[in-house]
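The values are calculated or read from the model by the stated rules, or taken from the named source; none is laboratory data. In this text, all values refer to a predicted model and were calculated from it rather than measured experimentally. Because the Cβ atoms are built from the backbone with ideal geometry, glycine has one as well, and the counts that use them run over all protein chains shown. In case anyone asks, the SASA skips ligands and DNA or RNA and just uses the protein heavy atoms, side chains included. Shrake-Rupley method; radii C 1.70, N 1.55, O 1.52, S 1.80 Å.
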Amino acid sequence: MSDHPSFWQAINPQLTIGAPIRPDPLRLDNSGLDGISDKLMREGWLQVPPLFTQKMITSLRQGILNLGARGLPPVYIYVYDQPWQLFAALRPLISRFLSEDFRLLPNFWAWHVSTEKGSSGWPPHRDCQAETRFADGLGGELLMSLSLWVPLTDATTDNGCMHVLPRDTEQRYDPPLDDPDRIDLNEGIALPAKAGSVLGWLQDLYHWSGQATGKSEIPRISLSLEFQNPAFEPLRDPLLDITNPPTLDERLALIAEQIPRYRHMEQLDFDPARLQQPPV
């Protein structure tokens with residue numbers, strides 16, 4: 001049955017379940033972090049060149065392909081340790097914005113956008129409808145939360161790379177923009193990114209997937225997680241520790257919660273209860 005590790009290990013023997021999460025934090029020097037921080041606070045988004053080993057990216061990408069071959073949505077990649085390990089390695093980046101004691105929100109997803117013309121990920125949206133940045137009393141801003149997104153294949157303008165609506169562009173909308181259908185998609189900035197890059201945005205920043213043009217032979221495969229500064233009340237319970245991720249049963253329960261929560265974004269036709277049915 002699906003609550004037994006052997007079920008999942010048979011699908012992805014190259015990945016692990018329940019191993020200790022002890023990633024080597026990625027080395028980002030202070031000057032690099034300063035530039036990333038300035039861009040995030042000024043424009044609302046960040047982009048970091050590839051940081052992860054080819055082995056890590058390849059194993060996760062193959063993991064999502066193997067799940068798809070079994071009729072399972074990409075989000076089930078979070079059954080395994082490696083997605084948690086990948087994001088845990090980003091501690092120096094995340095703690096720069098959300099404090100050393102940052103926590104993981106129980107909001108996550110994974111995508112496999114096909115190369116068929118017109119295919120895409122999610123339409124324009126914000127990850128949080130509430131204000132997520134506040135004056136710190138020292139002339140700067142204090143962030144409540146942050147979303148990070150990692151492509152496992154090269155994300156291009158031909159396979160649906162991410163787009164963002166910069167803060168200064170949004171501020172020109174009158175009245176204030178609260179309906180994503182009002183966004184002029186031509187005002188968005190496309191963010192092509194190599195596999196293993198890291199993209200991030202403030203959670204009140206509008207962002208969306210481009211559409212596949214049919215010219216790419218590479219699907220857009222990617223992961224995302226959301227993080228919170230624990231100085232604020234939780235945006236969603238339970239807040240998690242990225243270095244001590246949930247057990248297999250807890251992961252399965254969290255994944256089952258994500259599917260109805262985000263079903264409207266991509267019309268996903270999958271019922272997690274199917275995994276509890278004995279094989280025919």
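Listed here are the residues, each with its yes/no results for (1) touching a residue at least 24 places away in the same chain (Cβ under 8 Å); (2) acidic (D, E); (3) in contact with a helix residue (DSSP H, G or I) (Cβ under 7 Å, 6 or more places away or on another chain).
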{"position": "I17", "(1), (2), (3)": "yes, no, yes"}
{"position": "P20", "(1), (2), (3)": "no, no, no"}
{"position": "P23", "(1), (2), (3)": "yes, no, yes"}
{"position": "R27", "(1), (2), (3)": "yes, no, no"}
{"position": "M41", "(1), (2), (3)": "yes, no, no"}
{"position": "F52", "(1), (2), (3)": "yes, no, yes"}
{"position": "K55", "(1), (2), (3)": "no, no, no"}
{"position": "S59", "(1), (2), (3)": "yes, no, yes"}
{"position": "L67", "(1), (2), (3)": "yes, no, yes"}
Given the criteria on the phi < 0 side of the Ramachandran plot and either at pLDDT 95 or above or assigned to a loop (DSSP other than H, G, I, E, B) (or both), does D178 qualify? yes
Inspect the range 211-221 for any residue being over 23 Å from A88 (Cα atoms), among the polar types (S, T, N, Q) and without any contact (Cβ under 8 Å) to a residue 12 or more places away in the chain and give the result as yes or no. no
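Here's the yes/no breakdown for (1) closer than 28 Å to G118 by Cα; (2) small (G, A, S); (3) in contact with a strand residue (DSSP E or B) (Cβ under 8 Å, 6 or more places away or on another chain); (4) open to solvent by 20 Å² or more (accessible area, probe 1.4 Å):
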| residue | (1), (2), (3), (4) |
| --- | --- |
| P175 | no, no, no, yes |
| N186 | yes, no, no, yes |
| H207 | yes, no, yes, no |
| G210 | yes, yes, yes, no |
| L239 | no, no, yes, yes |
Quick check on this structure: which one of L105, L90, L152 is in contact (Cβ under 8 Å) with a residue 40 or more places away in the chain, surrounded by 22 or more Cβ atoms within 10 Å (Cβ to Cβ), aliphatic (A, V, I, L, M) and in contact with an Asp or Glu (Cβ under 6 Å, 6 or more places away or on another chain)? L105
Quick check on L93: is it of a type outside the set (D, E) and under 16 Å from D241 (Cα atoms)? yes
Every pair of residues 6+ apart whose Cβ atoms lie under 8 Å, when the first sits in the range 235-254 and is touching a residue at least 12 places away in the same chain (Cβ under 8 Å) and under 18 Å from R22 (Cβ atoms) while the second is of a type in the set (G, A, S) and surrounded by fewer than 18 Cβ atoms within 10 Å (Cβ to Cβ): T247/G18
Enumerated strands (runs of 3 or more DSSP E) restricted to the range 107-151, each holding at least 2 residues that are in contact with a Phe, Trp or Tyr (Cβ under 6 Å, 6 or more places away or on another chain): 141-143, 145-151
Is it the case that some residue within the range 60-76 is at pLDDT below 90, more than 25 Å from A190 (Cβ to Cβ), surrounded by fewer than 18 Cβ atoms within 10 Å (Cβ to Cβ) and among the polar types (S, T, N, Q)? no
